[in-house]
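Asker: Here you go, one structure.
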Amino acid sequence: MVRTMERIKGKSVRLFDMIIDAGCSFPCPACGDRLGNERNVFCSSCLDNLLLIRPPRCPGCGGNLDGVLQYCSRCMQFEKRPWRGALALFELRGTGRHLVHRFKFRDAPGLARPFAALAEQLLIESNFSIDLIVPVPLHWSRRWSRGYNQAGLLCNELSRRVGVPDYPVLRRVKRTRQQSTLTREQRLKNLDGAFAVKPGVSLGGKSLLLVDDVITTGVTLGAATTTLLENGADAVYILVIGRR
């Protein structure tokens with residue numbers, strides 16, 4: 001009975017979406033210009049202004065490779081990354097930086113949808129084989145003040161698009177300072193012991209996609225990845241919206 005009701009509900013939602021799509025035009029989530037009958041996507045002009053990252057991509061940060069080596073020159077400055085591969089939607093400058101700032105700090109949760117549309121295409125193009133999608137968590141106090149976890153919203157939308165379960169298995173057990181104001185050494189100390197896997201969770205043999213909004217030095221994603229691997233994950237890949 002429950003599954004039957006879920007199927008009916010799902011069909012009703014799809015029918016409602018079809019009716020809305022047929023009779024409405026929708027604004028670009030970035031600039032507000034009307035797009036016609038496409039929802040939750042950026043217009044061509046805004047896409048042109050985003051510094052989208054194209055292959056070949058650096059497996060350390062998801063950015064463009066800038067030489068003949070396996071990793072980009074920035075990632076070569078750091079120790080070996082604990083993840084197997086990385087995807088980033090765009091460079092965090094100009095329009096992209098403005099959109100990520102809106103998404104994080106200016107109560108614009110709806111941007112998760114167009115970001116997820118871009119992320120879906122990257123995953124289709126990649127050779128990542130993933131079982132679960134995991135958001136990098138916020139500390140409860142920061143989530144309460146912000147109202148939502150932007151990485152969690154992106155995971156929800158991406159999961160719905162690609163059919164891979166969204167699995168918020170990580171928790172932040174330590175309130176940390178804002179990473180953007182710290183040196184790399186301070187970031188490492190700041191995140192020591194910051195993450196834990198929820199009790200009773202089994203990650204044995206699972207391949208995970210770890211999702212966050214931004215990568216700068218990779219310290220936050222490294223700490224979260226190490227926690228997942230230490231708790232049985234077979235492999236971790238990362239996906240971020242912006243590469244700083």
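Asker: Failed condition for ASP107, given (1) among the acidic types (Asp, Glu); (2) assigned to a helix (DSSP H, G or I); (3) modelled with pLDDT under 95, with all others met?
Answerer: Only one criterion is unmet by ASP107, namely (2).
For every residue, the table says whether it meets (1) charged (D, E, K, R); (2) in a helix (DSSP H, G or I).
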{"residue": "LYS80", "(1), (2)": "yes, no"}
{"residue": "ALA86", "(1), (2)": "no, no"}
{"residue": "PHE90", "(1), (2)": "no, no"}
{"residue": "THR95", "(1), (2)": "no, yes"}
{"residue": "VAL100", "(1), (2)": "no, yes"}
{"residue": "PHE103", "(1), (2)": "no, yes"}
{"residue": "ALA116", "(1), (2)": "no, yes"}
{"residue": "LEU122", "(1), (2)": "no, yes"}
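Asker: Also, quick follow-up: For the range 188-207, give me each residue that is part of a strand (DSSP E or B) and of a type in the set (Val, Ile, Thr).
Answerer: Taking the range 188-207 as the starting set, the residues that turn out to be part of a strand (DSSP E or B) are 195-197, 207.
Passing the criteria: only VAL197.
Asker: Check the range 147-162 and report whether any residue there is in a strand (DSSP E or B), aromatic (Phe, Trp, Tyr) and open to solvent by less than 30 Å² (accessible area, probe 1.4 Å). Let's see the steps before the verdict.
Answerer: In the first step, residues of the range 147-162 are kept if they are in a strand (DSSP E or B); the result is none.
No, the range 147-162 contains no residue that is in a strand (DSSP E or B), aromatic (Phe, Trp, Tyr) and open to solvent by less than 30 Å² (accessible area, probe 1.4 Å).
Asker: Could you list, ordered by first residue, the pairs with Cβ atoms under 6 Å in which the first is in the range 49-73 and farther than 25 Å from PRO114 by Cβ and the second is not in a loop (DSSP other than H, G, I, E, B), at least 6 apart or interchain?
Answerer: Within 6 Å, the pairs are PRO59/GLY85; PRO59/ALA86; GLY60/CYS75.
Asker: Which numbered condition trips up VAL134, out of (1) modelled with pLDDT of 85 or more; (2) aliphatic (A, V, I, L, M); (3) open to solvent by 50 Å² or more (accessible area, probe 1.4 Å); (4) under 24 Å from VAL100 (Cα atoms)?
Answerer: (3) is the only condition that VAL134 fails.
Asker: Related question: Somewhere in the range 148-156, is a residue without any contact (Cβ under 8 Å) to a residue 40 or more places away in the chain and under 18 Å from TYR237 (Cα atoms)?
Answerer: Pass one, the range 148-156, residues without any contact (Cβ under 8 Å) to a residue 40 or more places away in the chain: 148-149, 152.
Checking the rest, the ones that are also under 18 Å from TYR237 (Cα atoms) come to 152.
Yes; the residues of the range 148-156 include at least one that is without any contact (Cβ under 8 Å) to a residue 40 or more places away in the chain and under 18 Å from TYR237 (Cα atoms).
Asker: Tell me which of these ASP166 doesn't satisfy, since it passes every other one: (1) open to solvent by less than 10 Å² (accessible area, probe 1.4 Å); (2) at pLDDT 95 or above; (3) out of contact with any Phe, Trp or Tyr (no Cβ under 7 Å at 6 or more places or on another chain).
Answerer: (1)
Asker: What is the one condition in (1) buried (at least 20 other Cβ atoms within 10 Å of the Cβ); (2) in a helix (DSSP H, G or I) that GLU185 does not satisfy?
Answerer: For GLU185, the exception is condition (1).
Asker: Further, regarding this structure: GLY10 passes all but one of (1) out of contact with any Phe, Trp or Tyr (no Cβ under 9 Å at 6 or more places or on another chain); (2) small (Gly, Ala, Ser); (3) at pLDDT 50 or above; which number fails?
Answerer: Status for GLY10: all satisfied but (3).
Asker: With the requirement that a residue be open to solvent by 10 Å² or more (accessible area, probe 1.4 Å) and either without any contact (Cβ under 8 Å) to a residue 24 or more places away in the chain or in contact with a strand residue (DSSP E or B) (Cβ under 7 Å, 6 or more places away or on another chain) (or both), what does the range 191-205 give you?
Answerer: GLY193, PHE195, ALA196, VAL197, LYS198, PRO199, GLY200 - these are the residues of the range 191-205 that are open to solvent by 10 Å² or more (accessible area, probe 1.4 Å) and either without any contact (Cβ under 8 Å) to a residue 24 or more places away in the chain or in contact with a strand residue (DSSP E or B) (Cβ under 7 Å, 6 or more places away or on another chain) (or both).
Asker: Sort out which residues of the range 223-238 are open to solvent by less than 10 Å² (accessible area, probe 1.4 Å) and under 16 Å from ALA88 (Cα atoms), and write them in order of number.
Answerer: Selection gives VAL236, ILE238.
Asker: Conditions first: (1) open to solvent by 50 Å² or more (accessible area, probe 1.4 Å); (2) more than 30 Å from SER44 (Cα to Cα). LEU208 passes all but one, so which condition is the exception?
Answerer: (1)
The values are calculated or read from the model by the stated rules, or taken from the named source; none is laboratory data. For clarity, every value in this text was computed on a predicted model and none was experimentally measured. Note that we place each Cβ from the backbone using ideal geometry, even for glycine, and neighbour counts take in every protein chain shown. The accessibility values were calculated without ligands, DNA or RNA, using every heavy atom of the protein model including side chains. Shrake-Rupley method; radii C 1.70, N 1.55, O 1.52, S 1.80 Å.
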